[in-house]
Amino acid sequence: EIATTGLYRISTTYRSVTAKGTSVPYWVVYKNGTRITGAIVSGCPFEIPLVAGDVVQPGFIAVDYDVRSDGSTGSERVVSRSITALSGIATFDGRRIA
């Protein structure tokens, strides 16, 4: 919970481990339970005005897919896969800058 109203810079770093190996997914910001951003690249800071009492949390966008082809030009297609587990390491940091 935010104690002091101001402009905050928040960022997260996350590296996931999937069946395809290590990847760096996108993240989103939730304020008071509602997603308020689109996809943000891991490691990129995000500035947001917050008021005392706001609750801010990170969320991660988890997508896994394969590209399949029958070998002919133009036959490539994206096939979604089920995500059964998400693992990795994450940090979430924020500080008031104004």
Query - Of all residues in region 25-43 being part of a strand (DSSP E or B) and over 12 Å from the mean Cα position of the chain (by Cα), the one that is surrounded by the fewest Cβ atoms within 10 Å (Cβ to Cβ) - result: 34
Query raised in the report: Quick one: what pairs do we get from region 29-51, first residue over 15 Å from residue 2 (Cβ atoms), second surrounded by 11 or more Cβ atoms within 10 Å (Cβ to Cβ) and basic (Lys, Arg), C-beta under 7 Å, 6+ apart or different chains?
Result: 45/9
Query raised in the report: When you scan region 44-86 for strands (runs of 3 or more DSSP E) that lie fully inside it, which ones turn up with 2 or more residues that are surrounded by 11 or more Cβ atoms within 10 Å (Cβ to Cβ) and at pLDDT 70 or above?
Result: 46-50, 56-61
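The values are calculated or read from the model by the stated rules, or taken from the named source; none is laboratory data. Note that the structure is predicted; figures quoted are calculated from it, not measured. Positions of Cβ are backbone-derived with ideal geometry, glycine not excepted, and every protein chain shown enters the neighbour counts.
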